[in-house]
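Heads up: the structure comes next, in structure tokens.
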Amino acid sequence: MQKFLQHNIVQDYLRTPSAILSSLVLVAIIFCAIFAGYITNQNPFDPLQLDLMDSQIPPVWLEYGDERFIFGTDEQGRDVLAALFYGSRLSLLVGLASVLLSCFIGIGLGLAAGFFRGTTDTVVTRLADLQMTIPGLIVALMLAGVIKSQISMEMQETVMIYVVILAIGFSDWPKYARVTRSAVMIESQEDYVLAARAMGASPWYILFKHVLPNVMRSNIVIATVGLGIAIMLEATLSFLGAGVPVSTPSLGTLIRTGSNFLFAGEWWVVFFPGLMLILTVFSINILGDWLRDAMNPKLD
Amino acid sequence: MAIKLLQRLLQSMLVLLATGFLAFLIMSFAPDPVDNIAGDYATTEDRARIRAELGYDRPFLVQYGEYMVKFVQWDLGSSLRTSEPVAELIASRAPATLELVLVSTIMTLGAGIWLGIYTGVHRRSKRTQAILTSSLLGISMPTFLLGLLAIYIGAVELGWFPASGRKAVDTWMWTSSLVSLEGWRSIFMPALTLSIFNVGLFIRLVRADVLEIRTMDYIKFARARGLPEKTINNKHVLPNAIMPVINVAALNIGVMIAFSLITESVFQWPGLGLMFIQSISFSDFPVMSAYFLLVAAIFIGLNLLADVLLSIVDPRIRRGE
């Protein structure tokens with residue numbers, strides 16, 4: 001049965017051009033992000049490698065373009081293309097880590113609520129309800145802002161990335177908890193769980209061996225869409241100045257610093273990181289749309 | 001009915017109390033105000049006396065209770081940065097945000113309903129496909145990038161609109177951007193930016209409604225009576241498709257107020273959101289927690305209102321079915 005399902009999804013995938021295209025784009029972006037150090041000719045965040053003589057060069061196809069810098073340079077002589085790859089590395093990393101954190105908290109609490117019921121269930125549901133009343137953006141901004149004010153400037157350089165992961169991760173867990181909880185409640189009534197219980201299996205064994213694999217499907221779909229949201233949220237936080245520091249920029253930070261030069265006509269410093277961000281999130285959303293249809297889980 | 005309503009009201013109050021507790025926790029991160037008042041040469045006794053005078057020596061929960069009572073009385077403390085009362089700060093910033101949200105909601109509803117009905121009626125046309133794909137693109141586009149794009153095109157390239165700021169005129173009640181041409185020019189791009197994310201959402205919503213309504217029996221009967229397609233769409237599909245959308249739009253106002261902080265930050269629009277962003281970068285805790293609690297209260301209030309209205313309109317919900 002498992003094999004058949006896998007097979008079906010592969011078949012469906014091969015018949016959907018938009019899914020193939022978007023996953024290829026994503027693979028290319030991930031490749032560039034991982035191997036940024038090898039395919040670019042400068043590390044844009046090492047001040048020793050920057051030359052002010054190379055600053056504010058437009059993209060190569062415009063007048064005064066330089067073929068060393070295909071997408072041009074910013075006001076510090078930083079190669080926009082290289083900054084793009086290094087920036088998307090950070091964006092992807094923060095996005096993935098925060099989605100994993102949300103999944104971990106959400107699925108964990110959802111499993112507990114659905115399996116143990118009673119007080120656990122009430123507490124988890126109330127907590128999720130409480131958090132759903134406030135938009136994730138404000139929760140994340142608040143968390144990042146409060147923690148940022150409590151630590152020193154030097155610490156911010158290294159710690160802010162984890163703070164942002166924590167803030168985004170904590171702002172998005174209720175979705176996973178809700179879906180997992182209702183899925184567990186349905187699965188617990190199924191014959192195979194009752195049979196396992198009759199055979200004397202321990203609750204923990206049933207929970208992790210039987211119930212967990214069956215609630216993962218819906219969670220994978222939510223997590224795909226959640227990844228797009230997390231990357232966008234990170235970019236927004238960084239753009240608003242409550243995100244990762246300027247010394248290790250993500251796409252959002254690049255856009256924030258670049259937007260100061262928009263009025264001087266240096267559109268390329270903002271345009272390419274922006275395009276990269278849209279391309280990444282758009283591809284993830286298309287993939288998520290397809291995955292939802294293909295897996296067809298009972299999402300509420 | 002009355003009992004159900006009372007229950008719902010009680011539930012909302014509890015949620016408000018809980019968010020108030022979070023807001024109060026945030027306040028406790030602020031630097032100790034006693035340091036500020038007492039100065040460097042104060043003795044321990046002096047400090048203790050000031051602490052007692054200000055009421056900071058009382059139990060945590062008592063102070064929290066006082067904080068909530070003060071919130072209800074609209075006494076929100078004063079800003080650490082400008083020492084201005086937060087309530088006055090909010091009152092002076094609120095019109096900018098409310099006007100932005102109002103104009104943006106009208107834009108969203110207009111475009112969303114029109115395009116949603118179009119894509120629902122012409123199900124398989126090329127244009128429908130294009131509209132649906134661009135609505136997905138709209139959802140994938142971060143609001144701050146849209147804002148920058150709007151500034152580049154509308155202000156830098158074309159020069160039709162101001163790049164940032166708000167032009168407002170004093171009216172008899174508040175300072176408004178909706179009474180002068182300058183004001184309209186300044187509000188147009190921020191409102192457009194704020195609405196684009198939502199337009200995609202509303203197109204999909206209206207389209208789903210239209211598709212469902214068109215399978216109903218009364219539409220079949222109308223068609224059997226020989227009514228022209230246009231009359232069917234205008235007289236039968238449209239009114240029925242719009243009702244649920246209005247409900248969602250009302251709930252959506254809370255989301256718009258929250259997300260307006262991105263737009264306000266891009267366009268330097270002097271509303272509540274910009275106030276919140278500034279308070280974060282200056283660690284101005286009273287302003288931060290007041291905004292947090294205010295937005296939560298608006299959300300809780302709108303949810304409650306929607307539930308009450310729905311139970312009045314729909315007897316099934318009233319009877320708890």
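The values are calculated or read from the model by the stated rules, or taken from the named source; none is laboratory data. All values derive from a computational prediction rather than experimental measurement. Glycine also receives a Cβ, built like all others from the backbone with ideal geometry; neighbour counts cover every protein chain displayed.
If the condition is being within 7 Å of another protein chain (Cβ to nearest Cβ), under 14 Å from B:S195 (Cα atoms) and not small (G, A, S), then the range B:140-158 contributes B:M141, B:P142, B:F144, B:L145.
Across the range A:94-121, what is the total count of residues that are aliphatic (A, V, I, L, M) and within 14 Å of another protein chain (Cβ to nearest Cβ)? Before you say what the answer is, go through the steps one by one.
So in the range A:94-121, the residues aliphatic (A, V, I, L, M) come out as A:94, A:96-97, A:99-101, A:105, A:107, A:109, A:111-113.
Within this subset, residues satisfying the condition of being within 14 Å of another protein chain (Cβ to nearest Cβ) are none.
The total comes to 0.
Please determine whether any residue of the range B:175-186 is outside any helix (DSSP H, G or I), within 14 Å of chain A (Cβ to nearest Cβ) and farther than 26 Å from B:R127 by Cα. No, that holds for no residue. Annotation: of all residues in the range B:269-293 being under 15 Å from B:A96 (Cβ atoms) and more than 9 Å from chain A (Cβ to nearest Cβ), the one that is farthest from the chain's Cα centre (by Cα) is B:Q278. Across the range B:193-244, the qualifying residues are those that are β-branched (V, I, T), closer than 26 Å to B:S134 by Cα and touching a helix residue (DSSP H, G or I) at 6+ places or on another chain (Cβ under 6 Å), and the one among them that is surrounded by the fewest Cβ atoms within 10 Å (Cβ to Cβ) is B:I213.
When restricted to residues that are without any contact (Cβ under 8 Å) to a residue 40 or more places away in the chain and buried (at least 23 other Cβ atoms within 10 Å of the Cβ), the range A:225-255 contains 2.
For the residues A:G252, A:G243, A:G274, the requirement of being farther than 18 Å from A:K175 by Cα, within 19 Å of the chain's Cα centre (by Cα) and more than 11 Å from chain B (Cβ to nearest Cβ) singles out A:G243. The test for being within 14 Å of another protein chain (Cβ to nearest Cβ) and under 27 Å from A:V139 (Cβ atoms) does not hold for A:D293. Got a number for residues in the range A:122-147 being surrounded by fewer than 23 Cβ atoms within 10 Å (Cβ to Cβ) and either within 11 Å of chain B (Cβ to nearest Cβ) or closer than 22 Å to B:L80 by Cβ (or both)? Count: 16. Taken as a whole, the condition of being within 16 Å of A:G95 (Cβ to Cβ), in contact with a helix residue (DSSP H, G or I) (Cβ under 7 Å, 6 or more places away or on another chain) and within 14 Å of chain B (Cβ to nearest Cβ) does not apply to A:F263.
Look through B:I219, B:I246 and report the one residue that is β-branched (V, I, T), under 21 Å from B:S104 (Cβ atoms) and assigned to a helix (DSSP H, G or I). Break it down stepwise before answering.
Working: B:I219 fails: under 21 Å from B:S104 (Cβ atoms).
Unique residue meeting the criteria: B:I246.
Number of residues in the range A:239-292 that are aromatic (F, W, Y) and assigned to a helix (DSSP H, G or I) equals 6.
Pairs linking a residue in the range A:70-97 that is touching a residue at least 24 places away in the same chain (Cβ under 8 Å) to a residue that is in a loop (DSSP other than H, G, I, E, B) and of a type in the set (D, E, K, R), with Cβ atoms under 6 Å and 6 or more positions apart or on different chains, are A:G77/A:D51.
Do we find that A:I222 is of a type in the set (V, I, T), more than 14 Å from chain B (Cβ to nearest Cβ) and in contact with a Cys (Cβ under 9 Å, 6 or more places away or on another chain) in this structure?
Working: of a type in the set (V, I, T): yes; more than 14 Å from chain B (Cβ to nearest Cβ): yes; in contact with a Cys (Cβ under 9 Å, 6 or more places away or on another chain): yes.
In short, yes.
Taking the listed residues B:S265, B:S260, B:S311, the one that is touching a helix residue (DSSP H, G or I) at 6+ places or on another chain (Cβ under 8 Å) and at the interface with chain A (Cβ under 10 Å from one of its Cβ atoms) is B:S265, with no other qualifying.
Taking B:Q7 as the residue in question, decide whether it is at pLDDT 80 or above and exposed (fewer than 13 other Cβ atoms within 10 Å of the Cβ). Full working, then the answer.
Numbers: at pLDDT 80 or above: yes; exposed (fewer than 13 other Cβ atoms within 10 Å of the Cβ): yes.
So B:Q7 passes the test.
In the set B:I26, B:I3, only one residue is away from chain A (no Cβ under 14 Å) and part of a helix (DSSP H, G or I); that residue is B:I3.
Condition (residue is farther than 18 Å from B:I298 by Cα and in contact with a Ser or Thr (Cβ under 7 Å, 6 or more places away or on another chain)) applied to the range B:89-100: is it met by at least one residue? Give the steps one after another, and end with the answer.
Going residue by residue through the range B:89-100, those that are farther than 18 Å from B:I298 by Cα are none.
For the range B:89-100, residues farther than 18 Å from B:I298 by Cα and in contact with a Ser or Thr (Cβ under 7 Å, 6 or more places away or on another chain): absent.
Kindly evaluate A:G258 against the criterion of being within 12 Å of another protein chain (Cβ to nearest Cβ) and on the phi > 0 side of the Ramachandran plot. The answer is no for A:G258.
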